Amino acid sequence: PDPVQQWSQLERSWPHAQLVVAARSVMSRPVWELPDIGPVGIVTGSGGLTVRVPNISTTAALVASCVKGVRVVKPGSATSRSRGVGPAGLAARLGLRIPRNPADLARMLERDQFAILDTASLYPWQQIPEAFTVPFLCDALEQSSLQPCTAQWKVNGVAEPDLTVHLARCRAGHPQRTLVVHGRTDVPGFVFDDVSTAGTTSLLSADGMADRTWSVEPEEIGVPRARGADLIVAPSVPAEQVCISVLDGTAPLSWIDLIA
């Protein structure tokens with residue numbers, strides 16, 4: 001089938017010249033060849049949100065890495081088109097060290113079980129808008145740098161409501177398990193590239209050649225239903241302050257539930 005038919009709406013919106021540059025970047029030899037350090041999971045999001053919310057996927061990935069034996073890599077750039085700051089920028093503001101070479105990353109995953117990768121330093125994508133790189137990110141990392149790390153699972157949050165557009169990629173990927181999520185809210189046009197506590201979350205799971213789609217409501221995953229308006233972060237609040245307040249419990253309960 002025509003591979004363009006497998007693209008998301010976000011990917012279809014970019015000019016041809018940027019598509020060419022991105023394709024060359026994805027197919028180029030990766031900067032890093034990583035050692036095999038055992039099971040690793042990848043958490044990523046598509047961005048493209050219309051309002052500013054807590055950096056859900058980065059903070060949730062950090063929380064998940066606190067479980068014994070769960071190693072999590074969160075790739076992302078220093079900037080983000082989803083308003084605010086991207087994963088690498090948030091790491092810098094929080095004082096988290098970003099690995100600069102494969103050995104450094106291996107040490108961090110062994111010691112902390114968590115690492116943020118600055119994608120701008122990994123691949124020659126600096127001249128391409130950050131949001132464009134995200135749909136290709138997991139595919140490129142699986143096919144190159146992170147494949148020797150035997151990534152066993154992936155969570156891919158998408159703003160694209162049609163999850164089936166990602167099914168071919170899930171099946172072609174190397175992780176044993178992949179979960180694609182898209183959340184809605186009670187506010188028209190306000191969606192999450194993550195699980196939502198303010199509306200229905202659509203999910204697609206792929207395990208080998210088997211796949212299934214379903215949906216969940218906030219109450220089904222053990223949290224009270226929130227109002228979408230309560231999950232919006234004011235532009236004046238620094239991204240690092242939002243993250244720290246969630247982790248130390250001083251944030252609004254609706255934010256804490258969202259990350260949990």
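The values are calculated or read from the model by the stated rules, or taken from the named source; none is laboratory data. Being a predicted model, the structure only gives us computed values, none of them experimental. Note: ideal-geometry Cβ built from the backbone for every residue, glycine included; neighbour counts use all protein chains shown. When the accessible area is computed, the model is the full protein with side chains, heavy atoms only, and any ligands, DNA or RNA have been set aside. Shrake-Rupley method; radii C 1.70, N 1.55, O 1.52, S 1.80 Å.
Checking ASP230 against (1) crowded, with 17+ Cβ neighbours inside 10 Å; (2) of a type in the set (D, E, K, R); (3) in contact with a helix residue (DSSP H, G or I) (Cβ under 7 Å, 6 or more places away or on another chain), which single condition isn't satisfied?
Answer for ASP230: the failing condition is (1).
Could you list, in sequence order, all residues of segment 32-49 that are modelled with pLDDT of 80 or more, part of a strand (DSSP E or B) and open to solvent by 10 Å² or more (accessible area, probe 1.4 Å)?
VAL43, the sole residue that qualifies.
Can you confirm whether PRO161 is within 21 Å of VAL43 (Cα to Cα) and either without any contact (Cβ under 8 Å) to a residue 12 or more places away in the chain or not charged (D, E, K, R) (or both)?
Answer is yes for this residue.
Considering only segment 201-227, how many residues are open to solvent by less than 70 Å² (accessible area, probe 1.4 Å) and in contact (Cβ under 8 Å) with a residue 40 or more places away in the chain?
Number of matching residues: 4.
I need the full set of residues from segment 78-118 which are at pLDDT below 80 and open to solvent by less than 10 Å² (accessible area, probe 1.4 Å), in order please.
GLY86
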